[in-house]
Amino acid sequence: MGDLKRKRAYKRGHVAEKLACLLLLLKGYSIKLRRYKTPVGEIDIIACRGDVTIFCEVKARTEYETAAESISIKQKERINRAAEYYMSHLKSDLKNNKIYRCDVILITPWKWPVHIENAW
């Protein structure tokens, strides 16, 4: 039974990330990477708009409050380390774009996603 729950959660995560990407595209962002894995952590979505790169965590829960509360301090630290890793490994011609921030997109059933810019 545990495997079935994990598979469903994994699938819900993919659907939530697709919705989050759609929201970002509608807001004028270009999606660079999804599920970017590094030795120090994973980032759900990396997107750009203008000279700003965003590292976006996507949380899908039944309520916005529980989604927002589900991001732990350790998780924020891992995302920050992964963001630093990504920025430090950019090609030299792209290093001029050093402005970045960490955003969160909260997904709940039957409601429009909430995009929190500069969440931490």
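Here are the numbers:
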| read-out | value |
| --- | --- |
| Scope segment 83-106; condition within 30 Å of Glu63 (Cβ to Cβ), out of contact with any Lys or Arg (no Cβ under 7 Å at 6 or more places or on another chain) and either modelled with pLDDT of 90 or more or exposed (fewer than 12 other Cβ atoms within 10 Å of the Cβ) (or both); matching residues | Ala83, Arg101, Cys102, Asp103, Ile105 |
| Test result for Glu17, surrounded by 11 or more Cβ atoms within 10 Å (Cβ to Cβ), acidic (Asp, Glu), modelled with pLDDT under 95 and not in a strand (DSSP E or B) | yes |
| Residue pairs meeting the criteria (Cβ under 6 Å; at least 6 apart or on separate chains; first touching a residue at least 12 places away in the same chain (Cβ under 8 Å) and over 12 Å from Trp120 (Cβ atoms), in segment 69-84; second polar (S, T, N, Q) and surrounded by 15 or more Cβ atoms within 10 Å (Cβ to Cβ)) | Ala82/Thr38 |
| Pairs, first more than 16 Å from Glu117 (Cβ to Cβ) in segment 21-36, second aromatic (Phe, Trp, Tyr) and buried (at least 17 other Cβ atoms within 10 Å of the Cβ), C-beta under 8 Å, six or more apart | Tyr36/Tyr86 |
| Residue within segment 68-82 that is within 17 Å of Lys27 (Cβ to Cβ), at pLDDT 90 or above and hydrophobic (A, V, I, L, M, F, W, C) present | no |
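The values are calculated or read from the model by the stated rules, or taken from the named source; none is laboratory data. If you're wondering where the values come from, they're calculated on a predicted model, not measured in any experiment. FYI the Cβ positions are ideal-geometry reconstructions off the backbone, even for glycines, and counts take in every protein chain you see.
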